[in-house]
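Scroll down for the structure; my scribbles are underneath it.
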Amino acid sequence: QVQLVESGGGLVQPGGSLRLSCAASGFAFRLYDMGWYRQAPGKQRELGARITFGGTTNYVDSVKGRFTISRDNSKNTVYLQMNSLKPEDTAVYYCHGVIYGANYWGQGTQVTVSS
């Protein structure tokens with residue numbers, strides 16, 4: 001079955017960095033676009049970054065220049081490198097893919113940016 005498992009969240013000070021990982025299994029990872037969404041308290045879930053199966057990336061304006069999404073098809077893993085973190089980046093981050101026509105989400109990983 002399709003599984004997406006995130007890791008790498010935590011508490012970081014403003015200006016710091018974190019790298020999130022999402023390990024995928026149960027499908028041909030290399031053939032699918034993948035994304036990272038985030039949901040802050042009291043807010044709707046929003047797309048933060050996306051990478052196509054071919055490696056094309058796009059980002060929400062609020063993270064452009066600070067976040068980098070990448071993938072390693074040999075490891076069935078998608079990454080989100082987050083630099084220059086701000087308190088407003090505090091959220092639960094979710095890995096996402098539309099696999100076999102259905103939405104799949106990871107369990108989420110908490111990122112807290114605070115001094």
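Just so you know, all these numbers are worked out from the coordinates, no wet-lab data involved. Fair warning: this is a prediction, and the values are worked out from it, not measured in the lab. We place every Cβ from the backbone using ideal geometry, glycine too, and count neighbours over all the protein chains shown.
The number of residues in the range 103-115 that are without any contact (Cβ under 8 Å) to a residue 60 or more places away in the chain and hydrophobic (A, V, I, L, M, F, W, C) comes to 0. Which one is farthest from residue 108 (Cα to Cα) among residues in the range 21-72 that are of a type in the set (S, T, N, Q) and in contact (Cβ under 8 Å) with a residue 24 or more places away in the chain? For the range 21-72, the residue satisfying everything is 62.
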